[in-house]
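Inspection log for the structure reproduced underneath, given as structure tokens.
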Amino acid sequence: MLNVDYALLFSVSLILRYGVSLWPYSGEGKPPMHGDYEAQRHWQEITINLPLDQWYNHTQDNDLLYWGLDYPPLTAYHSYLVGQVAHRVNSSFTELHQSRGIESPDHKLFMRLSVIVADLLILFPAIRFFCGSSLSATALLLAIYPGLILIDHGHFQYNGISLGLFVISVAAVIRNCDVLGSIAFCLALNYKQMELYHALPFFFYLLGKCLHQPSFLRKISKLFVIGVSVIGTFVAVWLPFFLAGPYTTLQVVRRIFPVDRGLYEDKVANFWCTIDIIFKLKQNLDTSQIGLLCIAATLLLSLPSNLHVLRYPTPRNFVMSLLNTSLVFFLFSFHVHEKTILLVAIPAILATSVLDKKSAFQRYWLPWFLILTVFSMVPLLVKDGLLLPTIASTVFFCIMYGNLDQMVSTSSSPLNERMSSPLPVEPNSFWIQLLGFSQVVSLCGACLLTLLHEVYPPPARYPYLWPTLICAYSSLHFLLFLLAFHVIQFSSGVTVSYSKKKL
Amino acid sequence: MLIAGFLALACVKLLYLPSYKSTDFEVHRNWLAITSSLGVQSWYHEATSQWTLDYPPFFAWFEFALSKVAVHFDPEMLVIKNLGYSSDKTILFQRLSVIVTDFVFAVGAWTCMKNMHNLKSVQARGPSRDAAIYTLLLTNAGLFMVDHIHFQYNGFLFGFLLLSIGAMMQEQYLLGSLWFCVLLNLKHIYMYIAPAYFIFLLRAYCFNNSAFSITRLVKLGSLVILTFVVSFGPFVNQIPQVISRLFPFKRGLCHAYWAPNFWAVYNLVDKALTIIGKKFGGDMIKIPTATDLNGTQASMTGGLVQDIEHIVLPSVPPLATFIITFLFMVPCLIKLWRRPNSVNFMRSLTLCGWSSFLFGWHVHEKAVLIMILPMTLLAVISRKEAKYFLLLAITGHFSLFPLLFPHQELYTKMFLHIAWAFLAVKMLKKVHKCDLLTLAEKIYLLASVIIFIYSEFIHFYLPPHLAKYEFLPLLAYSLYSALGVISTYVRFYKFFLSQ
């Protein structure tokens, strides 16, 4: 009944999460604006004190310039729920106007626990649902991936909810529970609009599955059912706003998709940000041209992997397409945050369930990529005072990754008592050796840059030298990974057949 | 695996750097200051801070060595007058020092794991046994809570104990004795298990093949004496002062947070009888006034330490506790004499520590580790011992909860405890290939959840006339744990004597 392996995995994951949450959150001790933590708290204040039609509107009581809501309605509802609890725990946490910038150990503990609860209720069950009854590498990696832990429990966000819903939707769709998958994905999308990064593969995979149905009637009915569930979910989530009137509804849309923001904020490991070092885009093109350039590049580059899924809708292609599309979006789209790399990291981890565990992907590309995702966020994490937990959680992750076989095999039969495999192990080919070598060199470079960033003050002429270098270093690697992951998606390779996994 | 495991744990410990730290943090900072600022002659006389040096000389030298590194972090922490100084760099240094010195523990655990292969009497073999020993020792939740949050150097100290046991497993008796003597001169609380060493060394080493060997006795004796001479040598002029620092007897029968031992139960029974007596046999017993009761009640539970007068049951002077403790040690020592092998040595060692935990004077609840850690080695030997280990360790770690009392640490201790409990159950089940706990035992362990919920949550929402009894949560923890600790002691003792 109680799966000890999962209980152990989740309790270890909780130890890591809670440990990170002891450290500072974004904007701690930095009035007047503070950071994401204060934004979340402010949303609790707004949603429980003001009527729904004022949540996204600029009113006397709701100053949109001070952390106005800019996520879709599910975030607002979640803030409302948490706010209600906060109010009962200590009403000063959510006092309208008075509670701005409130900082106390009790409040911090409450907020940190709310993230832990969200993980317990959504992310952990999602992992269990995706991975089935026996513990797999996928489950382990999802539970201890430092990027998600540091952002959710350090910087402070609730990515566990949207990513958890995303994982559920992928699991459902792979198992041919397309309605559940569609609903879950729509919910994820309605929690954070960035989930649009994953929308194309879902669309093409489901469409591909519809087209592969035996009869025309089947095709249409499947399409219809999926369509209804998508529309139904959206209506259910947005209904209160529809009822409040078209202006309110449009206002929400305007807040979610602010088209007047710049190409990027801060330094991001994005293609445009890197190009900008040499070729100043903002000076040579105006906003709408830049916008068009981004959309065109993103859509064009997403086409290959998505058309592949449309033509061959298998779980393997679907998951690889999720990885590739989200990476394309991250590199080429508009107004990307460094935190959005998490949307790419999670599909990358999910890919371990559809690729062979002895493949170059799991042995080399994936750990390399995942560590670089954390590295790309180092400037943000250092700004939050999270350097030590970053190093600790990443080193821990590496050690666990290196011993993945031992960790995961403990749940299988006593046959694994043998210390070494009786089969002869092939020596690595030249390319694999080169890959391994490059990985080590690259990671040493990353460590060096982190050290320099922390220890050596930049010259006065280039005050943002280290963040820029870190971003450029990361984005060049990401471009390399984009190529590699596309090659892996398009190569036939050894596929792990994803039959109905035991729940 | 040695390095990887140690490093992985170090990362987790590093995450908990910002946790609550107890007054022990200041104690050690003070000792860093004393040993670095003053000459050797003043170490045991210095009394600016109330936390005077009360560990043996080797530990003082250890702090001296640490202070040489500390000066590069924050020289201000080495100023004696800076009482309570705890800058970020100080915290970083002190916490790191515990994490780094835990390497001794890792090496000790590794040594024991390797040397277990030599023991003929041990049945279970294979990598799952190795993994269980090393992992369960290194990840011990109680050690994590006491060392890396509350703040102490037990990992470092127990490392020497493990090295000693490891040497004994290889029949390297002199090396084993050396490690143990070093340990005794680092922290004298390990005197509690010295009888096991004494008997074992006498029987297995000095009585070589049933013939008493004077040369061996002399070798052993000189080794021990030499170690003590090296340790106390520099303090030869102040031996009385050092001794008075090492053995302060003004402290009470029970520590501030009641260790789950026999005396805690004894105190409680005394209290209960007093209250009952007051109700029924009013003029037979001297009735303590309300202030008396409140006074003693407050002092026993309010965290102050002093001598406690018992009212109904006889008072217990320190000498009585020594005699009782020793009496309880005798049976296992006799058994060890009859069958002197490494496994029995480990068993008697554990039981000696256990006896002194249950019947000793002013026992800290942290001392529960002195039974749990050696018993980890025994847990892979037989199913019964695995069962007793699980009961002892899970209950023992639970009894440490009151030490980490701030709200923030509530979740820390909960997650650590639960994770380790699952890990232990899983790894030992894999070693012994069967379910180790009976239903009754599982129910007992699960009942801890009720105690936990009451003590950490419900108690504070009780109506005021009940909530003012602040000691009730502590009492709950203590009694519940005492039940497990005492009953498992009896069962394990019976098991050992029947071997």
Enumeration of residues in segment A:24-51 that are closer than 18 Å to residue A:383 by Cβ, open to solvent by 30 Å² or more (accessible area, probe 1.4 Å) and hydrophobic (A, V, I, L, M, F, W, C): A:33
Within segment B:128-141, is even one residue open to solvent by 10 Å² or more (accessible area, probe 1.4 Å), among the aliphatic types (A, V, I, L, M) and at pLDDT 95 or above? yes
Assess whether residue B:183 counts as being open to solvent by 30 Å² or more (accessible area, probe 1.4 Å) and either on the phi < 0 side of the Ramachandran plot or within 14 Å of chain A (Cβ to nearest Cβ) (or both). no
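Could you tell me whether any residue of segment A:58-65 is within 14 Å of another protein chain (Cβ to nearest Cβ) and of a type in the set (D, E, K, R)? Spell out how you get there, then give the answer.
Going through segment A:58-65, the residues within 14 Å of another protein chain (Cβ to nearest Cβ) turn out to be none.
Within segment A:58-65 (the criterion being within 14 Å of another protein chain (Cβ to nearest Cβ) and of a type in the set (D, E, K, R)), the answer is no, since none of the residues qualifies.
Quick one: in segment A:52-69, which of the residues that are open to solvent by less than 30 Å² (accessible area, probe 1.4 Å) and hydroxyl-bearing (Ser, Thr, Tyr) is farthest from residue B:16 (Cα to Cα)? If you could, list the steps in order and put the result at the bottom.
From segment A:52-69, those open to solvent by less than 30 Å² (accessible area, probe 1.4 Å) are A:55-57, A:62, A:64, A:66, A:68-69; that's our starting set.
Among the residues that remain, those that are also hydroxyl-bearing (Ser, Thr, Tyr) are: A:56, A:66.
On the way: A:56: 39, A:66: 33 Å.
Residue satisfying both the conditions and the ranking: A:56.
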Segment A:260-290, residues that are crowded, with 21+ Cβ neighbours inside 10 Å and at pLDDT 80 or above: A:268, A:269, A:270, A:271, A:272, A:273, A:274
Residue ID - nearest to residue B:94 (Cα to Cα), chosen from residues in segment B:122-175 that are away from chain A (no Cβ under 13 Å) and among the polar types (S, T, N, Q): B:152
Can you pull out the residues in segment A:238-255 that are out of contact with any Phe, Trp or Tyr (no Cβ under 6 Å at 6 or more places or on another chain), crowded, with 18+ Cβ neighbours inside 10 Å and at pLDDT below 90? A:244
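For segment A:97-130, give me each residue that is outside any helix (DSSP H, G or I) and within 13 Å of another protein chain (Cβ to nearest Cβ). Explain how you work it out, then say what you get.
Residues of segment A:97-130 that are outside any helix (DSSP H, G or I), as a first pass: A:97-104.
Hit for segment A:97-130 is A:104, nothing else.
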Picking from A:116, A:122, which residue would you name as being aliphatic (A, V, I, L, M) and open to solvent by 10 Å² or more (accessible area, probe 1.4 Å)? A:122
Wholly within segment A:271-319, helices (runs of 4 or more DSSP H) carrying at least 3 residues that are over 30 Å from residue A:466 (Cβ atoms) and among the small types (Gly, Ala, Ser): A:287-311
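Here's the yes/no breakdown for (1) of a type in the set (Asp, Glu); (2) surrounded by 18 or more Cβ atoms within 10 Å (Cβ to Cβ); (3) touching a Gly at 6+ places or on another chain (Cβ under 7 Å):
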{"position": "B:59", "(1), (2), (3)": "no, yes, no"}
{"position": "B:63", "(1), (2), (3)": "yes, yes, no"}
{"position": "B:72", "(1), (2), (3)": "no, no, no"}
{"position": "B:85", "(1), (2), (3)": "no, no, no"}
{"position": "B:92", "(1), (2), (3)": "no, no, no"}
{"position": "B:96", "(1), (2), (3)": "no, no, no"}
{"position": "B:105", "(1), (2), (3)": "no, yes, yes"}
{"position": "B:110", "(1), (2), (3)": "no, yes, no"}
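Take residue A:94 and tell me if it is modelled with pLDDT of 95 or more, away from chain B (no Cβ under 14 Å) and open to solvent by less than 40 Å² (accessible area, probe 1.4 Å). Break it down into steps so the answer makes sense when it comes.
Values: modelled with pLDDT of 95 or more: no; away from chain B (no Cβ under 14 Å): yes; open to solvent by less than 40 Å² (accessible area, probe 1.4 Å): yes.
The answer is no for residue A:94.
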Can you confirm whether residue B:416 is within 13 Å of chain A (Cβ to nearest Cβ), over 29 Å from residue A:21 (Cβ atoms) and crowded, with 23+ Cβ neighbours inside 10 Å? no
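Output yes when any residue across segment A:81-91 is small (Gly, Ala, Ser), touching an Asp or Glu at 6+ places or on another chain (Cβ under 6 Å) and more than 14 Å from chain B (Cβ to nearest Cβ), and no when none is. Show your work before the answer.
As a first pass, look at segment A:81-91 and keep what is small (Gly, Ala, Ser): A:83, A:86, A:91.
Remaining after also requiring touching an Asp or Glu at 6+ places or on another chain (Cβ under 6 Å): none.
No, every residue in segment A:81-91 fails to be small (Gly, Ala, Ser), touching an Asp or Glu at 6+ places or on another chain (Cβ under 6 Å) and more than 14 Å from chain B (Cβ to nearest Cβ).
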Cβ-Cβ under 8 Å, sequence separation 6+ or interchain: first residue in segment A:435-457 and within 17 Å of residue A:468 (Cβ to Cβ), partner open to solvent by 30 Å² or more (accessible area, probe 1.4 Å) and of a type in the set (Lys, Arg). Which pairs? none
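Only one residue in B:409, B:385 is in contact (Cβ under 8 Å) with a residue 12 or more places away in the chain, more than 17 Å from the chain's Cα centre (by Cα) and over 20 Å from residue B:353 (Cα atoms). Which one? Even if it seems obvious, please write down each step before you answer.
On the way: B:385 fails: over 20 Å from residue B:353 (Cα atoms).
Only one candidate passes the filter, namely B:409.
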Being within 14 Å of chain A (Cβ to nearest Cβ), of a type in the set (Phe, Trp, Tyr) and under 25 Å from the mean Cα position of the chain (by Cα) is true for just one of B:58, B:62, B:6. Which residue is that? B:6
Evaluate segment B:448-470: report whether one residue or more is in contact with a Gly (Cβ under 9 Å, 6 or more places away or on another chain) and among the hydrophobic types (A, V, I, L, M, F, W, C). no
I'm trying to understand the selection: among the residues of segment A:101-124, which are farther than 20 Å from residue A:151 by Cβ and free of Cβ contacts under 8 Å to residues at least 60 places away in the same chain? A:104, A:105, A:106
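I'd like the full set of residues that are facing chain B (nearest Cβ under 7 Å) and open to solvent by less than 40 Å² (accessible area, probe 1.4 Å), limited to segment A:6-15.
Looking only at segment A:6-15, we keep the residues that are facing chain B (nearest Cβ under 7 Å), and these are A:7-8, A:11-12, A:14-15.
Once the filter is applied, which keeps residues that are facing chain B (nearest Cβ under 7 Å) and open to solvent by less than 40 Å² (accessible area, probe 1.4 Å), segment A:6-15 yields A:7, A:8, A:11, A:14, A:15.
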All but one of (1) more than 14 Å from chain A (Cβ to nearest Cβ); (2) surrounded by fewer than 17 Cβ atoms within 10 Å (Cβ to Cβ) hold for residue B:385, so report the exception by its number. (2)
Scanning for something more than 14 Å from chain A (Cβ to nearest Cβ) and of a type in the set (Ser, Thr, Tyr), does segment B:10-25 turn up at least one residue? yes
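I'd like the full set of residues that are closer than 16 Å to residue B:150 by Cβ and either more than 14 Å from every other protein chain (Cβ to nearest Cβ) or surrounded by 23 or more Cβ atoms within 10 Å (Cβ to Cβ) (or both), limited to segment B:388-404. Full working, then the answer.
Filtering segment B:388-404 for residues closer than 16 Å to residue B:150 by Cβ gives B:396-404.
Within segment B:388-404, B:396, B:397, B:398, B:399, B:400, B:401, B:402, B:403 qualify.
Within segment A:125-141, count every residue that is within 15 Å of residue A:172 (Cα to Cα) and open to solvent by 10 Å² or more (accessible area, probe 1.4 Å). Please lay out each step first, then the result.
In the first step, residues of segment A:125-141 are kept if they are within 15 Å of residue A:172 (Cα to Cα); the result is A:125-132.
Those still in the list that are open to solvent by 10 Å² or more (accessible area, probe 1.4 Å) too: A:125, A:128-129.
Selection size over segment A:125-141: 3.
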Please tell me if residue A:29 is touching a residue at least 40 places away in the same chain (Cβ under 8 Å) and touching a Phe, Trp or Tyr at 6+ places or on another chain (Cβ under 8 Å). no
Could you count how many residues in segment B:426-441 are open to solvent by 50 Å² or more (accessible area, probe 1.4 Å), within 11 Å of chain A (Cβ to nearest Cβ) and assigned to a helix (DSSP H, G or I)? 2
Under 6 Å by Cβ, and 6 or more places apart or on different chains, what pairs join a residue from segment A:221-239 that is touching a residue at least 40 places away in the same chain (Cβ under 8 Å) with one that is of a type in the set (D, E, K, R)? A:226/A:178
Taking the conditions exactly as written (farther than 30 Å from residue B:14 by Cβ, under 21 Å from the mean Cα position of the chain (by Cα) and more than 14 Å from chain B (Cβ to nearest Cβ)), does residue A:37 satisfy them or not? no
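The values are calculated or read from the model by the stated rules, or taken from the named source; none is laboratory data. The shown structure was predicted, so the numbers you read here are calculated from the model rather than taken from an experiment. When we count neighbours, we look across all protein chains shown, and the Cβ atoms used for this are built from the backbone with ideal geometry, even at glycine. We work out accessible area using only protein heavy atoms, side chains counted, and drop any ligands, DNA or RNA first. Shrake-Rupley method; radii C 1.70, N 1.55, O 1.52, S 1.80 Å.
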